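Contents: one structure, followed by commentary.
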Amino acid sequence: MILVTGATGNVGAELVRGLAQAGEPVRALSRSGRLGGRAGEALPAGVEGVAGDLDRAETVRDALKGVRAMFLMPGYGGQRQILADARDAGVERVVMLSGGSAATGDRTNAVSAYLIDAEESVRESGLAWTFLRPTSFMSNALRLVDQIRAGDTVRVPFPDVYTTDIDPYDIAQCALHALLTDAHTGRALELTGPQALLPADRVRVLGEVLGRDLRAVGLGPAEARAELEAAMPKSFADAIVSFFVDGTLDESVVRPTVREVTGRDPRTFEQWARAHADAF
Ligand SMILES: NC(=O)c1ccc[n+]([C@@H]2O[C@H](COP(=O)([O-])OP(=O)(O)OC[C@H]3O[C@@H](n4cnc5c(N)ncnc54)[C@H](OP(=O)(O)O)[C@@H]3O)[C@@H](O)[C@H]2O)c1
């Protein structure tokens, strides 16, 4: 049995689907225990939905029974206790979704700090581990849905910053390999998409896929910060401004890791946009 936390999220939902297709029994954990899925989509056979709150380890304990490997979301309050309970329950392996900024070691940055702490708790757990350190997710483009529904002008933060965004599908495929084989134990996998693109490039691709004449307008640093602060705690907004305005995180480099782990190239932004066109 494989336990997937964050099972309704961008990565977790892809991982649940991928494991089910591979014929693996899956326990899919979210706060509601319902899997949701896209409208009209049947739940994969062999998948059991369970409710649990990663901030409260006692609500996750039962879900660990009979589990051999688990996919763990980072940064929740119960993480150290959940890892200790996992070990007691006989779980052998944990694959954790981290992020590239964990490699900076910068604990003054709120995002890096929670990822570093999460990685540390896994290293200390005594379980075999693999960390996934992806770049920004292609699914972040879903934040543009309201603007794109409202008109053809799309305001984008950090207009001059090239990033090699990755499709959560590819993160999930790497997670699947790390959960099912021993080949990636003790490795932090730096995962990227296949191309470095500017925000305006992604808007152009979205326009082509949607058959729309979309035009990107870059936000200045102050406007970008204000939009972030409206959507998340200030410390996280500060962290992201530090990454992409001050340049403390470089996500512009394409890495071969997805191909090395899965045997095929990561998906392009155009492939992601075609697969998610209905969301726009
Ligand atoms: N977005 C990026 O560009 C990026 C880049 C690098 C790393 N990351 C990392 O990726 C992670 C986000 O992954 P994602 O996009 O796949 O997730 P997501 O789509 O934001 O979904 C979050 C998942 O966690 C579950 N969840 C939330 N709070 C929970 C709780 N207290 N207990 C149990 N489950 C809970 C949610 O389920 P319910 O709400 O149904 O309970 C959902 O399944 C973050 O840790 C982030 O640091 C993101």
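None of the figures in this text is laboratory data; all of them are computed from the coordinates on show. Computed from a prediction, not measured in an experiment: that's the story for all the values here. Because the Cβ atoms are built from the backbone with ideal geometry, glycine has one as well, and the counts that use them run over all protein chains shown.
The table below gives the values:
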{"read-out": "Equivalent-ellipsoid semi-axes of the chain, from the Cα gyration tensor, Å, largest first", "value": "31, 22, 18"}
{"read-out": "Max mean-square fluctuation residue, GNM over the chain, Cα-Cα springs under 10 Å, options G78, G46, G151", "value": "G151"}
{"read-out": "Amide H contacts of R187 (H built 1.01 Å from N, under 5 Å, at least 5 apart or other chain)", "value": "F131"}
{"read-out": "Normalised contact order of segment 102-181, rounded percent, pairs of Cα under 8 Å and 6 or more residues apart", "value": "27 percent"}
{"read-out": "0 to 90° range, to nearest 10: angle between helix 221-231 axis and the chain longest Cα axis", "value": "40 degrees"}
{"read-out": "Neighbourhood charge, 15 Å Cβ-Cβ cut-off, centred on E260 and excluding it, Lys, Arg +1 and Asp, Glu -1", "value": "+2"}
{"read-out": "Within the chain: Cβ-based charge dipole about Cα centre, in debye rounded to nearest 20 (Lys, Arg +1; Asp, Glu -1)", "value": "500 debye"}
{"read-out": "Normalised alpha carbon radius of gyration of segment 1-126 [divisor 2.2 N^0.38 Å]", "value": "1.05"}
{"read-out": "Distant alpha-carbon pairs in segment 71-134 (separation over 17 angstrom), percent", "value": "33 percent"}
{"read-out": "Proximal charge balance of A196 [Cβ under 13 Å; K/R count +1, D/E count -1]", "value": "-3"}
{"read-out": "Taking segment 1-104 and dividing mean pair separation by its residue count, relative contact order in percent (alpha carbons under 8 Å, at least six apart)", "value": "25 percent"}
{"read-out": "For segment 152-264: span of alpha carbons on each principal axis (Å, largest first)", "value": "46, 38, 22"}
{"read-out": "Crossing angle, helix 234-244 versus the chain [Cα axis fit, 0-90 degrees, rounded to tens]", "value": "70 degrees"}
{"read-out": "Within-15-Å neighbourhood charge of L64 [Cβ basis; K, R +1; D, E -1]", "value": "+1"}
{"read-out": "Over the chain, relative contact order from alpha-carbon pairs under 8 Å, at least 6 apart, %", "value": "17 percent"}
{"read-out": "Charge dipole of the chain about the Cα centre (unit charges at C-beta), most positive-ward option of T257, L210, S112", "value": "L210"}
{"read-out": "Counting DSSP beta bridges with both ends in the chain, the antiparallel % (nearest 5)", "value": "5 percent"}
